[in-house]
1. Ranking LEU35, LEU59, LEU87 by Cβ neighbours within 10 Å, fewest first, what do you get?
2. Quick one: order CYS55, CYS9 by neighbouring beta-carbon count within 10 Å, fewest to most.
3. Sort ARG14, ARG102 so the one with the fewest other Cβ atoms within 10 Å of its own Cβ comes first.
4. Please find the FRET efficiency linking ASN40 to ILE97, where r is the Cβ-Cβ separation and R0 is fixed at 25 Å, and quote it to the nearest 0.05.
5. Going by a ≥ b ≥ c, the root eigenvalues of the Cα gyration tensor, does segment 20-78 fall in the rounded group (a/c under 1.5), the prolate group (a/b larger than b/c) or the oblate group?
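Coordinate-derived values only; no laboratory data. Keep in mind it's a predicted model, so treat the numbers as computed, not measured. Ideal geometry is used to build each Cβ from the backbone, glycine not excepted, and the neighbour counts take in all protein chains shown.
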Amino acid sequence: MTGSHVFVCAHGSRDKRCGVCGPILIDKFKEEAELRGLTNQVFVTACSHIGDHKCAGNLIVYSPGSDGSITGHWYGYVTPEDVPELLDQHIGKGEIIERLWRIVCFRFCQLSADEKFTGSEASVVIFSYC
């Protein structure tokens, strides 16, 4: 996985809060990423119903570690004013923002070369839950 992937809950059917907050946060992430020259390193998209709508804005940041593992961190109560800090601290430096942090959602480790499936022309990288 290259770069960081930010999934922002924009689910509006079950609870309107994420449906309102989500698109605003997505726009702010894209704007701030562009200002920092990170458009090829930070990928932001809407997702549906990650839960806990009372904590809107909800988002999960998936980033690769130096060891090849991928970790997803769930943040809640995120406002547009928090986006620069998320980009600079969490994505830029790997530092958790405690006041917004909810849980570690997932941690995946990249399989070794022996564990990869190989095809006739390419190798497929599979991630396993650690």
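1. On the way: LEU35 11, LEU59 30, LEU87 22.
Going from least to most buried by this count: LEU35, LEU87, LEU59.
2. Values: CYS55 19, CYS9 29.
Ordered by Cβ neighbours within 10 Å, fewest first: CYS55, CYS9.
3. Numbers: ARG14 12, ARG102 17.
Ascending Cβ contact count within 10 Å gives the list ARG14, ARG102.
4. Values: r = 23 Å, r/R0 = 0.94.
E(calc), rounded to 0.05, equals 0.60.
5. Values: a/c = 2.53, a/b = 1.19, b/c = 2.14.
Note, shape of segment 20-78 comes out oblate.
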